[in-house]
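This report refers to the structure that appears directly beneath it.
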Amino acid sequence: MSAAASLRRIGLPRLIVHVSVLVICIIWLIPTLGILVTSFREAGQITASGWWTAFTGAAETSAARLGEPSTAKQNGTNYVISGSVFEGGKGGTVRAFGTRVAAPTEFTAGQPADIGNGETLTVNEDGSYTYSKNAPFEGRGKRVYLSVATPPSFTTENYRTVLTSQGIGQSFVNSLTVAVPATIIPILIAAFAAYALSWMEFPGRALIIALVVGLIVVPLQMSLIPLLKMYNEIGNFFGVPSRSYAGIWLAHSAFGMPLAIYLLRNYISGLPREIIESARVDGASDFEIFVKIILPLSFPALASFSIFQFLWTWNDLLVAMVFLGTGKDQLVLTGALNALLGSMGGKWEILTASAFITIVVPIIVFFALQRYLVRGLLAGSVKGG
Amino acid sequence: MISQIVSAVGVVIAGVFVCALYYWLSDKILQIVFPVPVENVRAASVNLNRRAMVRPWLFLGPALLLLVVYLVYPVVATFFLSFYDRSGGNFVGLANYRWAIQDAQFRQSIFNNILWLAVVPAACTFFGLVIAVLTDRIWWGNLAKSLIFMPMAISFVGASVIWKFIYEYRGGSETQIGLLNAIVQAIGGSPQVWISLPFWNNFFLMAILIWIQTGFAMVILSAALRGIPEETIEAAVIDGASGWQIFWKIMVPQIWGTIAVVWTTITILVLKVFDIVLTMTNGQWNTMVLANLMFDWMFRGGGDSGRSAVIALIIMAAVTPIMIWNIRQANKEMGGH
């Protein structure tokens, strides 16, 4: 019997477990679902009703004026005014109506309502109404209040807007320009270093390993000020822009380096000694051993780290804010989203669509390569982002 | 845009090529500089030893260079900068530290950071443990885990937009489109501007990080739970222990080490929390934390490197015990090899 199986025998009844996990999952999923649904709604609908009503259609309260008394027709002893409450306005489905602003849903649509004074009003779902009275109408046309359901409607217009006119499309390319090289370069450098630290004997090895382990937790904040000064000086000295893609690639590579070396060294030093020694006996150089034996065998560890590094560089805001410009050709997605939060606060059709574009790539990577991500987390859970 | 993609792809290929070329070429040069002649055994063995001495440093070179330039040197430089004025040119002794102690915003940040440290790691570990135990016992547990783990992939900025929408407040008689206010209204309360409620707004920001990090805690703790030897649990079952007792007295003590790792990992993350506060409030309404205050001083009024270095050092001081502990553990593990 496995531990998991023994666990099943103890504790709460099964049903309670199922229900509580379901509730937790829903709670965890709802925030993301909220922006996904909202990003496909029209701006007007987003502000008119909560996104959770998007599938049932929004119920809006509106007002309409019935026909003037002069349009009344006599029908026996009754005077009748008829027409549609949607005249000159947009359509919809009337759910309920009322004659007082405080109670706009007093009467159900389609059923005759006695509204006092000998008057009867029927408003049908399609908006047509019959308003009758046992005496001639007086004054102006009567005001009625309606609860109108507009059918659910979805649009991809928000995505078109943010991708073209809000610069999110360009930022998407910028993010890729940052993240892909900043993932591949450190892996190669760290793999060589990890091999040296695992399978080569030299003085100072233990010291370097200790240094690497120590540097894993050093907060980024410690590096920012001197590096900013250094970048500015290099920029001034050589007359080049101090904020460039090359600069951020190196910065990301360096910041990811301690964890990369640590993870890869743990893995590479665990490879079977016989393989490496027999290759040495056969006369293979360290370079050949590394390329032909170590790299292929360490694929799982390389994959784990590259997922980490990709998610970290794609999702990073701080390093990009310091080392990369805020011009159109350098603003990454996280930076663009942050800027939109300032300038477009409250325009949720823009914000939600932009946010979803920002998170869609990491989420695809996550679901496709979750196995390697978990393995990496278990191997290197000392850093924390 | 197309040209940018092309040049980015070009850089990736060129970068990998240059890296590979460096390692290959340096190895070749090494072989030329220290030849191994077949006829002279003595010279050959001397040169083989020399190669073995130099080669590790060729392999380590680029990595060490990056580490020294981007991490070791800046840590030392930041330490010295904390004793200099805003431009970094004039020595001012402890003036920046004195400023920090007396600055109201700095104290606010310290207070908030302590609040974050007290709540977030505990909440993540607790929820992570509970969810790990629950999901291990149902057939669709892996699916549930994936869903709860998913926010890990979302950027802090993206998560902030997601949660800002939940906390959205609309004034007057407008319909509340933020989920939280809609729920509050539905149960008879009055809508609030959550992110500007003093003190409590900190907790609304923390909820975002808890939402992101619980999945991490869950994955690690779940693996630890599965590693518990089944005999111990079986023995407890036979002895008639209740589920509650088994959980607290058998399982939790055996994964204590893992709980500590999860806790410290999230603690380090919390100390560096920046993006969430920047995007949600930018430190307004008493939500400032150290990392944001530090960033603020890096650029405020042209930048004050002295003050911002002091703030960075405080964060560094807080992670130092964890760092020392990690190094000790690593040394112990290597000693055991």
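The values are calculated or read from the model by the stated rules, or taken from the named source; none is laboratory data. Just so you know, these numbers come straight off a predicted model, no measurement behind them. When we count neighbours, we look across all protein chains shown, and the Cβ atoms used for this are built from the backbone with ideal geometry, even at glycine. SASA here: full protein model, heavy atoms, side chains in, ligands and nucleic acids out. Shrake-Rupley method; radii C 1.70, N 1.55, O 1.52, S 1.80 Å.
Any residue at all in the range B:137-149 that is more than 18 Å from A:Ile24 (Cα to Cα), surrounded by 22 or more Cβ atoms within 10 Å (Cβ to Cβ) and touching a Phe, Trp or Tyr at 6+ places or on another chain (Cβ under 6 Å)?
no
Considering each of B:Phe83, B:Phe106 in turn, give the residue that is under 18 Å from B:Phe299 (Cβ atoms) and open to solvent by less than 90 Å² (accessible area, probe 1.4 Å).
The match here is B:Phe106.
Let me confirm something: among A:Ala179, A:Ala194, A:Ala210, which residue is open to solvent by less than 50 Å² (accessible area, probe 1.4 Å), without any contact (Cβ under 8 Å) to a residue 60 or more places away in the chain and of a type outside the set (Asp, Glu)?
A:Ala210
Which of the residues that make up the range A:197-229 are in contact with a Lys or Arg (Cβ under 8 Å, 6 or more places away or on another chain), within 7 Å of chain B (Cβ to nearest Cβ) and farther than 30 Å from B:Leu293 by Cα?
Those that are in contact with a Lys or Arg (Cβ under 8 Å, 6 or more places away or on another chain), within 7 Å of chain B (Cβ to nearest Cβ) and farther than 30 Å from B:Leu293 by Cα: A:Met200, A:Ile209.
What strands (runs of 3 or more DSSP E), lying completely within the range A:81-165, carry at least 1 residues that are closer than 30 Å to A:Leu351 by Cα and in contact with a Pro (Cβ under 7 Å, 6 or more places away or on another chain)?
So the answer is A:143-150.
State whether one or more residues within the range A:292-304 are in a helix (DSSP H, G or I), closer than 30 Å to B:Leu48 by Cα and touching a residue at least 40 places away in the same chain (Cβ under 8 Å).
yes
Scan the range B:43-80 for residues that are of a type in the set (Phe, Trp, Tyr), open to solvent by less than 70 Å² (accessible area, probe 1.4 Å) and over 27 Å from the mean Cα position of the chain (by Cα) and report the count.
1
Any residue in the range A:221-250 that's closer than 21 Å to B:Gly10 by Cα: show its pairings with residues that are open to solvent by 30 Å² or more (accessible area, probe 1.4 Å) and of a type in the set (A, V, I, L, M) at Cβ separation under 9 Å, as long as the two are six or more apart or on different chains.
Between residues of the range A:221-250 that are closer than 21 Å to B:Gly10 by Cα and residues that are open to solvent by 30 Å² or more (accessible area, probe 1.4 Å) and of a type in the set (A, V, I, L, M), the close pairs are A:Val240/A:Ile234; A:Tyr245/B:Val11; A:Ala246/B:Val11; A:Gly247/A:Ile234; A:Trp249/A:Ile185; A:Trp249/B:Val11; A:Leu250/A:Ile185; A:Leu250/B:Val69.
Test each condition in (1) modelled with pLDDT under 85; (2) within 19 Å of the chain's Cα centre (by Cα); (3) open to solvent by 60 Å² or more (accessible area, probe 1.4 Å) for A:Thr155 and report the one that comes out false.
Only one criterion is unmet by A:Thr155, namely (3).
B:Ile238 is checked against (1) within 9 Å of another protein chain (Cβ to nearest Cβ); (2) open to solvent by 50 Å² or more (accessible area, probe 1.4 Å); (3) free of Cβ contacts under 8 Å to residues at least 12 places away in the same chain and fails just one. What number does that condition carry?
(1)
Could you please give the count of residues in the range B:212-235 that are open to solvent by less than 60 Å² (accessible area, probe 1.4 Å), facing chain A (nearest Cβ under 9 Å) and in contact (Cβ under 8 Å) with a residue 40 or more places away in the chain?
Looking only at that region, the number is 7.
How many residues, within the range A:329-354, are closer than 22 Å to A:Leu311 by Cα, outside any helix (DSSP H, G or I) and open to solvent by 20 Å² or more (accessible area, probe 1.4 Å)?
Number of matching residues: 3.
Residue by residue, here is whether (1) open to solvent by less than 10 Å² (accessible area, probe 1.4 Å); (2) modelled with pLDDT under 85 holds:
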site: B:Ser242; (1), (2): no, yes
site: B:Ile255; (1), (2): yes, no
site: B:Ala260; (1), (2): no, no
site: B:Trp263; (1), (2): no, no
site: B:Ile268; (1), (2): yes, no
site: B:Leu293; (1), (2): yes, no
